[in-house]
1. Would you mind giving the average projected area, over all directions, of the Cα convex hull of segment 160-311 in nm² with one decimal?
2. Structure shown: which of Lys191/Lys320; Lys85/Lys303; Lys320/Lys352 lie over 22 Å apart, alpha-carbon to alpha-carbon?
3. What is the packing order of peptides 76-86, 192-202, taking the mean over residues of other C-beta atoms within 10 Å and listing the highest first?
4. Taking the Cα-to-Cβ direction at Thr260 and at Glu20 and moving 7 Å from each Cα, how far apart do the two end points lie in nm?
5. Which Rg and Dmax, in Å, describe the Cα atoms of the chain?
6. Roughly how big is segment 66-183's charge dipole about its Cα centre, with Cβ charges of +1 (Lys, Arg) and -1 (Asp, Glu), in debye to the nearest 20?
7. Where in segment 1-29 does the label zone of Glu66 land, with the point 7 angstrom along Cα→C-beta and an amide N cut-off under 17 Å?
8. Measuring from the lowest to the highest alpha carbon on each principal axis, how far does segment 63-145 reach, largest first, in angstroms?
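The values are calculated or read from the model by the stated rules, or taken from the named source; none is laboratory data. These figures come from a predicted structure and were not determined experimentally. In this analysis, Cβ positions are derived from the backbone assuming ideal geometry, glycine residues included, and neighbour counts consider all displayed protein chains. Accessible surface areas use protein heavy atoms only, side chains included; no ligands, DNA or RNA. Shrake-Rupley method; radii C 1.70, N 1.55, O 1.52, S 1.80 Å.
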Amino acid sequence: MKRVKVALLGAGFIADIHMESYTRFVPEAEVVAVYTRNAEKAKAFADRHHIAQHFSSIDELLQQVEVDVVDICLPNFLHKEATLKAAAAGKHIIIEKPLAVTLEEADEMIAACEAANVKLMYAEELCFAPKYERARKLVEEGAVGEIYMLKQSEKHSGPHSDWFYDVSQSGGGVLMDMGCHGIAWFRWMLKNSKAVSVTASMKTVFHKNRTRGEDNSVVIIEFENGVTGVVENSWAKQGGMDDRSEIHGLDGVAYADLFTGNSVLAYSKNGYGYAMEKTDTTIGWSFCIFEEAFNQGYPQELKHFIECVQHDREPLVTGKDGRAVLEIIYAAYASAGQGKRITLPFNQQVAKPIDLWLHPTSTTK
């Protein structure tokens, strides 16, 4: 079968992970072009990954290169523009989390893709992470009985790029960056049961001099089927990445740890090279991760999306799922801002979700 041609938008950390995943695990796809706003960075990325063409204009890329899929790994505030341009050009779209900055943007993006008859595939890798998938299948086999609570946490010491800390570009702090993972995973585990209420607490505890965004958050979600979801996120956790989940049922419990539980525990007097994401030193005791991208589900996710394009299938995770996650994030910011439980559906018009926390009196009707 003909290989699917991919244009990669972005040249940062997540773009590197996508490239590794395509190159090593998705032979059905071929990345033929890369775009980033800085022409020098675009060329450097293309040279490093042996990509034939590089651009600093999305319009030029879409006009000059024949592609089937546009893979968007750009900062949050650029998601809408890139999606609308790709849809107008008739290209299927893979988009990194979060789907958009605002619900209005999300609705416009979904509508544009539906009108153009192209797939909008929401890249939530936790729905494909092998260990999380094994835990989900245990549940389907009846291992833990009826679920009454789900917990998921993702924590590290802060993002790689400066734009994450600028709420005008990101739309929010750690909840927008990492909370979306846990929320999407809850919906995946519960077969998209609707969220009916959200209660949240958030603070800026570590990066006070760098951002107005929250760097520590706890969100409690009540779902229509009676299950409680607790998602914890932090940019204040030292010692490298932490990503784990708990599934609590009436007949059992299951735990899944993506990083420290999938690593080599090592001690080094002098330190060594790369250990795991966000580890700032390898001197002393450290967790040395192996097959990091694979264990997080990136290759499996991208392989699934490429096969959906090849065989015209509905993806397991779509733009509508990304929109549902964003609505819950809105409710969480509103809950933290107002200090009360927020019921869903919820759709308060704001410039960015974090305004519901930073300026609750001006956004509350």
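1. Working: hull surface 49.2 nm².
Approximately 12.3 nm², given one-decimal rounding.
2. Long pairs (Cα-Cα over 22 Å): Lys85/Lys303.
3. On the way: 76-86: 21.0, 192-202: 18.5.
The peptides rank, most packed first, as 76-86, 192-202.
4. The answer from the label model is 2.1 nm.
5. Reported Rg and Dmax, both Å: 20.0, 59.
6. Approximately 360 debye in magnitude.
7. Counting backbone N atoms under 17 Å from the label point, the list is 1-7, 29.
8. Computed over segment 63-145, the largest-to-smallest principal extents equal 51, 29, 24 Å.
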